[in-house]
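Notes follow the structure.
Bear in mind that the values in this text are calculations on the coordinates, not laboratory data. From a predicted model like this one, the values you see are computed outputs, not experimental measurements. Here the Cβ positions follow ideal geometry from the backbone for every residue, glycine too, while neighbour counts run over all protein chains shown.
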Amino acid sequence: MKVEGVFYVNNTLERLMFDELKNACRPGAVGGFLPGMKQIANVAALPGIVWRSVGLPDVHSGYGFAIGNMAAFDMNDPKSIVSPGGVGFDINCGVRLLRTNLFEEDVQPVKEQLAQSMFDHIPVGVGSKGIIPMNARDLEEALEMGMDWSLREGYIWAEDKEHCEEYGRMLNADSSKVSMRAKKTWASTVRNIRSRKSLC
């Protein structure tokens, strides 16, 4: 580890984190995510990390980084990393790492215009609105079909699935397991976005 790994939890969560670690280390344990505590330690060993690898009170196992794991990296360190996993790609918040054939010197002269264009075209912040209209049925289908729904609707290319976990679809996904409260929150958000849009 290059820096300390710390986590801020109550007694109950602390006990659960240590139980998770013990269970993962027992002989014959296979599969699943690394325990959150090990993920915090792994992040603390990444090149370019500064200060600490921090686990926030909601910390639990994720893809690479623990969910609720926070870290900062020194952009002046040439060995420093950029990790979409540290921003939450596993919960489909829209974070994606894209590769281009551009070099820093290609982007440098237009970086401000590029940043502004991205800000103008990518929804961000509270109450942000997307460009894809969805109703309740679309939501159910998207929850169960994953990227296959996006492919059917023409929002992605088939090869995009090759770069996502489980090819962008969990075969055992069951939208009935998503609570009505979560679905109502989604519907309410969409309604509020539409009414704000009509006021503009």
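For the stretch 4-86, list log₁₀ I(q)/I(0) at each q in 0.18 Å⁻¹, using the Debye formula over Cα point scatterers of equal strength and ignoring solvent, two decimals each.
With one equal scatterer per Cα and no solvent, log10 I(q)/I(0) is -0.73.
In the stretch 139-191, what GluC sites (Glu not before Pro) fall in a loop by DSSP, with at most 14 other Cβ atoms inside 10 Å?
Glu153
Please compute the modelled spin-label separation between Met134 and Ala158, points set 7 Å along Cα→Cβ, answer in nm with one decimal.
In this crude label model, Ala158 to Met134 measures out at 2.5 nm.
Between Glu165 and Asp74, what's the calculated FRET efficiency when r is the beta-carbon distance and R0 is 30 Å? Round to 0.05.
0.55
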